[in-house]
């Protein structure tokens, strides 16, 4: 199964990864090969088979609704690319 | 000292013949002298290691030592270590110094083990050759004497190479599709991928959350058991961890194997396996027969679909997990972003390597509108068929045995042109992750001077039995003691 240039460009936007024209060509081939491999699945008979998410069918546990974490803002922000007054700085979003 | 196992080093420390500070210094000196050949470490944590060694000696002096107190080891650079850089083999985390410890990291600290540093790995654990690391490829110690630069396997290739080269007696690894077992096989060491949910994933940087599992890599099954005693256990911080009693994995190592029922999955002795590899694996199975085991052929009819199912599920989960790397809170950020979208897309284009980007794109595609049912849901259904094959097989036999990889360690660069060629390297390991069962890789011979691994696969939570089977094999063979020249 092949994947079109338009599909790759669309998925790259969804995945928030910048790709240039040259990379799209390489990806067209590589992703096409991967999707060919994956295409073997379509031959499998999966009628009446339940999809499997956790090998032991475990479900999410609930914990008591109490505060367990302490505030570590300074430790967390010490490793951030840009902060100011306890806030994370990113490029302007709203004019 | 560098040739000794964890169990032996522990006895040396206990006898007082050497202190942990002396032992740690010896290992650090050797590591700095030798690792230029292998590139198996990304970070050597010299000062922290010596501080931990000093603390270990004090604990021993106070009479509170455990088996692990003062014994050196290393962590794969996927486990967060408080105050020590944790890169996951990626430029994206080149500057990331975690403000917290993974649960596995915490567990090793609690028993007084000394972490010498962080081992190299495929970027975000995506690879089978350790060639996708931002910090350069790792070279397998086997083959070097002939001037060959071979891969150590991946993604835990740094851990495997370091243990094989006697730079550390043991190291942690993680296994999403074979990333402990295949490098263990290619480097001639012992590795175990536990049952999904046996070892906490908290603080272990996520690749594919329904498949990822941490586990031990060492030279002997006994050392792997000692590591499992530290690593296994329930952790409320990992919502998929299983709350179930942890046995002492060393307690049953010496059980006799008489009557052990071994199944050989016929699909794993296929044309993909070279005849020379098959001969070594079958010889290993014959050793088990001598130990009193019985052997029969079994079938895993859906195993052939495992790679296809994996390359939907793993990339899909990776695309979601790796969305957290946005350049806003930690890790890499591109220079001078002109707006928020530019910051995200350039940060991720520059911070991730090619294999990681390919998998994120495949995963995003498989999860995107119109494709979810055809890919992700279909793959999850096939996953259940694969699991059912194993459940059926374990009605008849105690363990399954097979090769780990189709061929021994290949030359660097040999499989990098087409990603799918590399994916086929995991043809015998990947179904185990999909089913969530445990499996080991045990040194079982050589082909052209390169190590061959025997895979021992067990039912859910049968790690103690696998370690027992591996240990008994290591009492009558010496493949695990062979040292690369």
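Taken together, the values in this text are just the output of simple stated rules run on the coordinates, not laboratory data. Bear in mind that the values here come from a model prediction, so they are computed numbers and not experimental data. Every residue, glycine as well, gets a Cβ built from its backbone with ideal geometry; the counts of neighbours run over all protein chains shown.
Given the DSSP H assignment, sum -39500 (n - 2.57) over each helix run of at least 4 residues in chain B and divide by its residue total; what's the result at 222 nm in deg cm²/dmol, nearest 500? Helix contribution divided over all residues of chain B: -11000 deg cm²/dmol. Averaged over the residues of B:352-358, the number of partner chain Cβ atoms lying within 10 Å of the residue Cβ comes to 3. Just so you know, the Cα atoms of segment B:330-477 work out to an Rg and Dmax of 20.8, 65 Å. Angle of helix A:21-38 to the longest C-alpha principal axis of chain A, folded into 0 to 90 degrees and rounded to 10: 70°. Spatial offset of segment A:76-93 relative to segment B:411-473 amounts to 44 Å, using the alpha carbon center of each.
Spacing of the modelled spin labels on residue B:46 and residue A:36, each 7 Å from Cα toward Cβ, amounts to 5.0 nm. Treating each Cα of chain B as an identical point scatterer and summing with the Debye formula, the log10 of I(q)/I(0) at q = 0.06, 0.08, 0.09, 0.14 Å⁻¹ comes to -0.24, -0.43, -0.55, -1.39. For segment B:1-129, the convex hull drawn through the C-alpha positions has a volume of 112 cubic angstrom per residue.
A simple packing score, the average count of other Cβ atoms within 10 Å per residue, orders the peptides A:55-63, B:60-68, B:452-460 as B:452-460, B:60-68, A:55-63, with the highest score first.
Could you tell me the center-to-center distance, by alpha carbons, between segment B:242-317 and segment B:109-123 in angstrom? So the two Cα centres are separated by 29 Å. Relative to the longest principal axis of the Cα atoms of chain A, the long axis of helix A:5-14 lies at roughly 20 degrees.
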